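Only one structure is covered here, and it is reproduced in the block below.
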Ligand SMILES: [Zn+2]
């Protein structure tokens, strides 16, 4: 994009806020050019400065000039005083005593979570927890170092049919590995796309050279729910002592890669783990994993046999 085109676009942005008012586009361009090229002011700031200048010149309030604000994801909101639109799900509503406030709470999208404030004066219908909305033409603000969005008279809150996802949740899981799924163990991956090869064949690239990797796709049962987890080479080596080199040794000794999976099964299946990571839409992404008690199954067996002995004695 040429410098000239850039100025034209920014000029258009400033003017779009002042629809129906007589403003000379050349005057706006001239000021933007001066700020950006002569005074090296960042573009966004230049737009704001010129907008503020026009507000003063025309003697209008900021609220009177807003039209459509760009849709931003929550992670993109990092400056106060900008008009934006945000698609987000209401996660929590907080109690509020202030008569100035209609509702306060947290809203989220896949990129983050932000506080929202709906002013009583805005006269908006109430939002509900668990529902997704387009918060249109809201103003960003910063309070005690955290960003928030404010809903005012010029904003709109539109309920959406789509369900807006939330960021992955960091959590801890304690449960047993109750199943190990296909394509686990001492696998080979495509050198071009990292997909797991099946009999030396990549689903996309056909017969290709592969590289060795270790991976377990498993199911953890925490007594309440099932979670699909993926353990990588690092997780597996830490838990079992079997790394790539050891896996190669086992495979070449037995002339069968499947033997590695057999070994891993023996060391992992049925055991309890403490896992921390984040819950995505399908998989639980493992950050740290450790045995809850390395011998929990053996312990259980021991307790069981001791109990049986006791029962016999009684
Ligand atoms: Zn491939």
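Every read-out reported here was derived from the displayed coordinates using simple, explicitly stated rules and does not represent laboratory data. From a predicted model like this one, the values you see are computed outputs, not experimental measurements. Cβ placement follows ideal geometry from the backbone for every residue including glycine, while neighbour counts extend to all protein chains displayed.
Brief remarks follow.
- With contributions of -39500 (n - 2.57) from each DSSP H run of at least four residues, the per-residue ellipticity at 222 nm computed over the chain stands at -8500 deg cm²/dmol.
- Stokes-Einstein, applied to the Kirkwood radius of the chain over Cα pairs at a viscosity of 1.002 mPa s and 20 °C, places its translational diffusion at 86 µm² s⁻¹.
- Between helix 244-254 and the chain: long-axis angle, C-alpha atoms, 0 to 90°, nearest 10: 40
- Order by protection proxy (mean Cβ within 10 Å, highest first), peptides 96-103, 25-32: 25-32, 96-103
- Each residue of segment 74-159 gets 85 Å³ once the volume of the Cα convex hull is shared out per residue.
- Taking the empirical scaling 2.2 N^0.38 Å for compact globular proteins as reference, segment 3-64 has a Cα radius of gyration ratio of 1.04.
- Relative contact order (%) - segment 74-159, alpha-carbon pairs under 8 angstrom, separation at least six: 34
- Descending semi-axes in whole angstrom, ellipsoid equivalent of segment 92-208, from the Cα gyration tensor: 47, 18, 13
- Anisotropy class of segment 125-281 from Cα gyration tensor, a/c 1.5 cut: prolate
- In summary, the convex hull built on the alpha carbon positions of segment 157-220 has an orientation-averaged projected area of 8.2 nm².
- Degrees separating the helix 296-313 axis from the principal Cα axis of the chain, which is the longest one: 50
- Relative contact order (%) - segment 23-100, alpha-carbon pairs under 8 angstrom, separation at least six: 17
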